[in-house]
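Written below as C-alpha cells is the structure these notes are about.
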Amino acid sequence: MLPTYQKLYPKYDRFLPNLVGYLDPGDTVIDVGANVGDTLAGMFNHNPLMNYICIEPDDEFFDFLVSNINIIRGFDGRLKALAIKSLIGKDVANVQLDGTSGSKHAVLNVGGEINSKSLDLVIGEAPHTRVCLLKTDVDGFDYDVLNSASSTIKKYKPIIFFELQYSDATQKNGFRETLESLLSEGYNDFTIFDNFGEVMFRSSQIREIIQLMEYIWRQNIGIANRTIYYFDILATARRADSLVIDEALSNY
C-alpha cells in the first residue's frame, strides 16, 4: 500500500530516507518495527553505505523482510542489513500480534506466547558500529521500546524517530514519562510530524508536545472532531545532530 499512500500523501514515510542521506557512512541505523522492509528500502536508496539493523516480531512480515533484503542485495551488493526477529520492549510480555492492512500491534493480557527483549540486550548481541539513528514504529508501544534502550541512548545519544500513537491512558501516560526521560538525557530538539508526514512544528520543550497529545486524546475519546490520528517525533540531543536536522528539513 505504500505507493498508494504516497500518491495520496506525498510526504508519507519520506523523511527518514531523506534524513539518512545526511548521516555518516558506516554508522548504524536501528529500525524497530521494520515491517516488510519498506522504510529500509527508502533509506538504503538515499545512503547505501550505512549499517542497518532491522527488527520485526511478526512471522509473516519478517519473512517478507528477509526476502526483500535479499532482493535489494541482489540489485546492490553494498547493502549491509541484519534482520532480527524479536519483540522489543521492557514491560510488555505475554502478548499476541494482531492487525490488518499491513500493520500489526501487540495485544496485552490475552495469554499470548510472545515475550519482549530489551533493545539494549538485542543490540548488545548484534555486531554494529556507532548507533546514529534509532527509529521505532510499533503502534502504541514505542515508549516501551525506548524505555528498553536506556543504555543504548545514554551511550550513543542517537537521533531518535518514533511514532506517538496511543489508544488508552496507560499508553498516553507512558509516552509522557518517556518524553520527560528523554529531556533528562539531554534531548532538547524535537520536530513533530503529523501522520501524513508533514512538519507541524519544532520545539526545545515538551509542553507543546503534551498539549498536542491532549488534543488527539480528545479526538480518541470522541469529544472532538478527528483531524489527525497520531504524530511522529524526531528528537536530538547533540548539537551536531541538530545541524544535520536543519539541513535535512530545509530540503524536505
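The values are calculated or read from the model by the stated rules, or taken from the named source; none is laboratory data. Remember, it's a predicted structure, so these values are computed and weren't measured experimentally. Cβ atoms come from the backbone with ideal geometry, glycine included; neighbour counts cover every protein chain shown.
Select from the stretch 199-248 the residues that are farther than 23 Å from Asp142 by Cα and either part of a helix (DSSP H, G or I) or touching a Lys or Arg at 6+ places or on another chain (Cβ under 6 Å) (or both) and list them in ascending order.
Once the filter is applied, which keeps residues that are farther than 23 Å from Asp142 by Cα and either part of a helix (DSSP H, G or I) or touching a Lys or Arg at 6+ places or on another chain (Cβ under 6 Å) (or both), the stretch 199-248 yields Ala224, Arg239, Ala240, Leu243, Val244, Asp246, Glu247, Ala248.
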(request) Would you be able to say whether some residue in the stretch 3-13 is closer than 24 Å to Lys117 by Cβ, out of contact with any Phe, Trp or Tyr (no Cβ under 8 Å at 6 or more places or on another chain) and either outside any helix (DSSP H, G or I) or of a type outside the set (Asp, Glu) (or both)? (result) no
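Scan the stretch 72-124 for residues that are among the hydrophobic types (A, V, I, L, M, F, W, C), in a loop (DSSP other than H, G, I, E, B) and at pLDDT 65 or above and jot them down.
Leu79, Val92, Ala93
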(request) Report the residue count in the stretch 62-83 for those that are touching a residue at least 12 places away in the same chain (Cβ under 8 Å) and either touching a helix residue (DSSP H, G or I) at 6+ places or on another chain (Cβ under 6 Å) or surrounded by fewer than 20 Cβ atoms within 10 Å (Cβ to Cβ) (or both). (result) 10
(message) Tally up the residues in the stretch 20-37 that are under 13 Å from the mean Cα position of the chain (by Cα) and either part of a helix (DSSP H, G or I) or among the acidic types (Asp, Glu) (or both), please.
(response) 1
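Could you tell me which of the residues Asn51, Asn35, Asn45 is in contact with a Pro (Cβ under 7 Å, 6 or more places away or on another chain) and either more than 28 Å from Thr178 (Cα to Cα) or in contact (Cβ under 8 Å) with a residue 40 or more places away in the chain (or both)?
Asn45
Matching residues to (1) within 18 Å of the chain's Cα centre (by Cα); (2) crowded, with 21+ Cβ neighbours inside 10 Å; (3) hydroxyl-bearing (Ser, Thr, Tyr); (4) closer than 18 Å to Leu16 by Cα:
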position: Phe141; (1), (2), (3), (4): yes, yes, no, no
position: Lys154; (1), (2), (3), (4): yes, no, no, no
position: Phe201; (1), (2), (3), (4): no, no, no, yes
position: Leu212; (1), (2), (3), (4): no, no, no, no
position: Tyr215; (1), (2), (3), (4): no, no, yes, no
position: Glu247; (1), (2), (3), (4): no, no, no, yes
(message) Can you tell me which condition Ser181 does not meet? The list is (1) part of a helix (DSSP H, G or I); (2) without any contact (Cβ under 8 Å) to a residue 40 or more places away in the chain; (3) touching a helix residue (DSSP H, G or I) at 6+ places or on another chain (Cβ under 7 Å), and all the others hold.
(response) (3)
(message) Condition check: in contact (Cβ under 8 Å) with a residue 24 or more places away in the chain, within 14 Å of the chain's Cα centre (by Cα) and either closer than 24 Å to Thr39 by Cβ or assigned to a strand (DSSP E or B) (or both). Does Phe196 satisfy that?
(response) no
(message) Looking only at the stretch 125-172, count every residue that is more than 21 Å from Asp189 (Cα to Cα) and either without any contact (Cβ under 8 Å) to a residue 24 or more places away in the chain or aromatic (Phe, Trp, Tyr) (or both) and tell me the total.
(response) 6
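Yes or no: Asn225 surrounded by fewer than 19 Cβ atoms within 10 Å (Cβ to Cβ) and in contact (Cβ under 8 Å) with a residue 24 or more places away in the chain?
no
Collect the residues in the stretch 125-169 that are assigned to a strand (DSSP E or B) and either within 15 Å of Glu180 (Cα to Cα) or modelled with pLDDT under 95 (or both), keeping them in residue-number order.
Matches in the stretch 125-169: Ile160, Phe162, Leu164.
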